[in-house]
Each structure stands twice: as structure tokens, then as C-alpha cells.
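Peer 1: Please read through the structure below; I'll follow up with questions.
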């Protein structure tokens, strides 16, 4: 049984385990479980902010960087209340966390997975993961996906120089999660792993160029640094006409000033926020703003012409949102962490959305321009991650808002 099947069950379990009553704590933000505006107005069902659920349950594998202002952290969060399962022979029924079928159902993609054979999705990471190909093989076999290996030409590693970068254990888990999420959404896509020699934004942005040179048609970036004026020097790396770039918004909640994440703040990327996803019984029941998703108003980067919200004169984060809450997290196999685990963070969303671009054929847009031209293709959600002004920068009001952007995707029409 997947532990994230019901948000209500998860919340009740956490509250009882902590010795609390079953009524929500003051920090819980009730939001309407919905799949449409009419349902939001009519239903009394509630799902709750992850902030009240996540205490003591998950941890970041890349804590906020302290080595300098331009050293990035990855966005992967690991569930710590679930014992990893090392078995490489598990079938889908024995694997905790959301499966490819759950994600495809949630975002209206089940009829599109035969696409993507002419697409290459790149993921940008720091360092090498020596077990990535093995881990990817375990994941794809468990869920009945075709093999993706170096030998069959589906998987490729690129890096500067003659030698692979050294292992960075935290980022190795990030690499596993990224390639497995690409596989979940676009199993026919080829995958490029662009390995930077370190986690500086200079090296990671250069690895974006390596990915493009290797034939990537979409590039996913599951990392960030707090934005600062020096980031302008690296923004051009993410401006490649015809090749969509995605970036996770970060897992530190609403921010302002230096708390805004780059490269998500760049107008050249699609900034992906996180949601709490309810897939009770394998059926999409609704989503809400995940309490720890990044969002906010940039002080460094100009607003793209397709963003018209009035409360932020600069670039507003985000453009859209998909599952990020680790309490409704995804399954992934990571040898270095003991095998099958459940993960969250906006590290999930960046490769998921990149793979949506790939399924759609991409090659026609940069940044989020096409998304805003098809705003009606997104579902509105509810919820809040903070108290802020203007409130839409941290609260999912009707229409565009910071934490959810245009909303959650329902099919590929916007891509």
C-alpha cells in the first residue's frame, strides 16, 4: 500500500504519532480539495498544508549551501519515516510512493506516453553517480518501462575534460531522482546526464551548455542559489531559443529579496512550484499548495512580457506547479540510500515538467510564454505557504499566483 494514497490519512497519522488531537494545528492551512472552480466553491472536503505534516518526516539531502553565495543546493527531500527497501526485484505493488501511472493520471498524460521518441531530456547535476544506470534499470523494470542504457543509446553522460567528476553522494541521489522522473513521464525519451565538476552556479550553468551541445531538446535543473546581482552573468546559459529549460523553485517556502531562487527567477526558464497531491485509490482527487514550495518576487530579474500580475514589477515565481510534498512523494530507487525510497521537493517537478515539454514535442518556445497563452489548460488549486503582501505571492488565489503559478497541468495543450 502506498503511504501517500490519502492526505487525510497521512495527516491523521502524523498528528496521532505526535500526541496531538485530530484537529488541525494553528500552522495547518486548510485548502479546498478540487479539480475545478465549481468544486472549489461547492465542496467542504479539505486537504491540509504540508507544513503541518512534515515535521520530523523528511530531510533535505542538500542542505542550504554555506560555501559561498554562488554555490547551489539541490532540491531533493527524502522521507525519513520509511525504511528503504534494497530489493532490486520488487514489483510495483510492493513499492511505496507515487508510481509513473499515478503521475500520468494526475496530469492527464496517460494517452501521450507513446510520444517522445525523438526527444532528449537532459538533467544537470553536480558530480557523478556510479550506480545511476543500474538504479535506472531497476526503476524502469519495476514499472514495466523499456530499458534505457548507455549501450542501447538511450542514456548518455557528458562532462568537461577527460575524466568523470567525483562522486557527490547527495547530488547522486538527485541524479537518480531526476532520470527516474523523466522515465516516469516520457519513457521513450532519451536522457542526457550533464555532470558538473562542482556545485557552483558557474559550473552548473556551463553543464547546461554541455547538455545542449549533446543534443538535449529540453533541460531540467533541480537546484538553486539565492538570487543576487552576479547571477545576471549566468542567465544567458539558460537562454537557448527552441530548448525549454525548467527549474525547481526551491523548498524553503515563500521568500523575498535574497531568498528568491536562481535559476528559477530567470525569465528564460519555466519555474516549477510544488503541490500536495491527493491520489486516493489511484484517482486524482485534487492538489493544494505545498507549504514549503518556493515563490516570490524577484529583485534582480526583469518580468517577462507574458507575465502581467500587478503586485510584482519584476519576475514572479512560479509559472506552474506539480507534486513536491514529500508526504505525497514519489518512488525512486537509489543504491546509495539503501534502495527504494520516497522523495519530494521541487526536484520532482523540474524533470516532470521538462518531460511534459518533451511529450509535447517542444522546440517552439523558451521560458513560459506558451504556458501563459494557454492558461485555461491548467487546474486552479488552493492553499497558502505563508502570510505575505501582496497575498497572491504566497497564496493560491483564483487565476495566476506565486506558489502555483497558472496552476497544475491537465494534459499537454499548454506545452
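Nothing in this text is a laboratory measurement; each read-out follows from the coordinates by a stated rule. A quick note: this is a predicted structure, and the numbers were derived from the prediction, not measured. Ideal geometry is used to build each Cβ from the backbone, glycine not excepted, and the neighbour counts take in all protein chains shown.
Peer 1: Arrange the following residues from fewest to most other Cβ atoms within 10 Å of their Cβ: 156, 379.
Peer 2: Going from least to most buried by this count: 156, 379.
Peer 1: Still on this structure, I have one more. Applying a 10 Å radius around every beta-carbon, put 400-410, 218-228 in order of their mean neighbour count, most first.
Peer 2: Per-residue Cβ counts within 10 Å, averaged per peptide and sorted highest first, yield 218-228, 400-410.
Peer 1: Packing-wise, with mean Cβ within 10 Å as the measure, how do 302-309, 74-81, 381-388 rank, highest first?
Peer 2: 74-81, 381-388, 302-309
Peer 1: Starting from the Cα of residue 376, step 7 Å along the direction of its Cβ; do the same at residue 228; then give the gap between the two resulting points in nm.
Peer 2: Between residue 376 and residue 228, the label points sit 4.6 nm apart.
Peer 1: If you average the alpha carbon positions of the range 232-292 and of the range 311-348, how far apart do those two centres end up, in angstrom?
Peer 2: The range 232-292 and the range 311-348 have Cα centres spaced 9 Å from each other.
Peer 1: Specify whether the C-alpha gyration tensor of the range 221-365 places it in the rounded, prolate or oblate class, a ≥ b ≥ c being the square roots of the eigenvalues: rounded for a/c under 1.5, otherwise prolate if a/b is larger than b/c and oblate if not.
Peer 2: prolate
Peer 1: Could you tell me what a quarter of the Cα convex hull surface of the range 245-287 works out to, in nm² with one decimal place?
Peer 2: On the way: hull surface 15.8 nm².
With every direction weighted equally, the projected area is 4.0 nm².
Peer 1: Could you work out how far apart the two model spin labels at residue 80 and residue 92 are, taking each label as a point 7 Å from the Cα in the direction of the beta carbon, and quote it in nm?
Peer 2: So the two model labels end up 3.2 nm from each other.
Peer 1: Given a Förster radius of 30 Å and the C-beta distance between residue 202 and residue 150 as r, what FRET efficiency does 1/(1 + (r/R0)^6) yield to the nearest 0.05?
Peer 2: Values: r = 28 Å, r/R0 = 0.93.
Between residue 202 and residue 150 the formula returns 0.60.
Peer 1: Would you order 276, 217, 83 from fewest to most other beta-carbon atoms within 10 Å of each residue's own beta-carbon?
Peer 2: Result, fewest neighbours first: 83, 217, 276.
Peer 1: As an exercise, use a Förster radius of 60 Å and the Cβ-Cβ distance of residue 214 and residue 391 to find the FRET efficiency, rounded to the nearest 0.05.
Peer 2: Approximately 0.90, to the nearest 0.05.
Peer 1: Related question: Of 357, 268, how do they rank once you tally other Cβ atoms within 10 Å and put the fewest first?
Peer 2: Working: 357 31, 268 21.
In increasing order of surrounding Cβ atoms, one gets 268, 357.
Peer 1: Counting only DSSP beta bridges with both residues in the range 272-391, tell me the antiparallel percent, nearest 5.
Peer 2: Numbers: 12 of 17 bridges.
The antiparallel proportion sits near 70 percent.
Peer 1: I've got another one for you. Using only the alpha-carbon atoms of the range 76-117, report the extent along each of the three principal axes, biggest first, to the nearest angstrom.
Peer 2: Sorted largest first, the three principal extents are 34, 24, 19 Å.
Peer 1: Here's another thing I want to ask about it. Given axes a ≥ b ≥ c from the Cα gyration tensor, I'd like to know whether the range 160-302 is rounded (a/c under 1.5), prolate (a/b larger than b/c) or oblate. Mind dumping the intermediate values first?
Peer 2: Working: a/c = 1.69, a/b = 1.13, b/c = 1.49.
The shape class here is oblate.
Peer 1: Could you work out how far apart the two model spin labels at residue 114 and residue 59 are, taking each label as a point 7 Å from the Cα in the direction of the beta carbon, and quote it in nm?
Peer 2: 4.6
Peer 1: Still on this structure, please answer the following. Output needed for the range 89-188: three equivalent-ellipsoid semi-axes, defined as square roots of 5 times the C-alpha gyration tensor eigenvalues, in descending order, whole Å.
Peer 2: In descending order, the three semi-axes are 24, 16, 12 Å.
Peer 1: A follow-up question, please. What translational diffusion coefficient, in µm²/s and rounded to a whole number, does the Stokes-Einstein relation yield for the range 324-415 at 4 °C and a viscosity of 1.567 mPa s, taking the hydrodynamic radius as the Kirkwood radius over Cα pairs?
Peer 2: The diffusion coefficient I find is 86 µm²/s.
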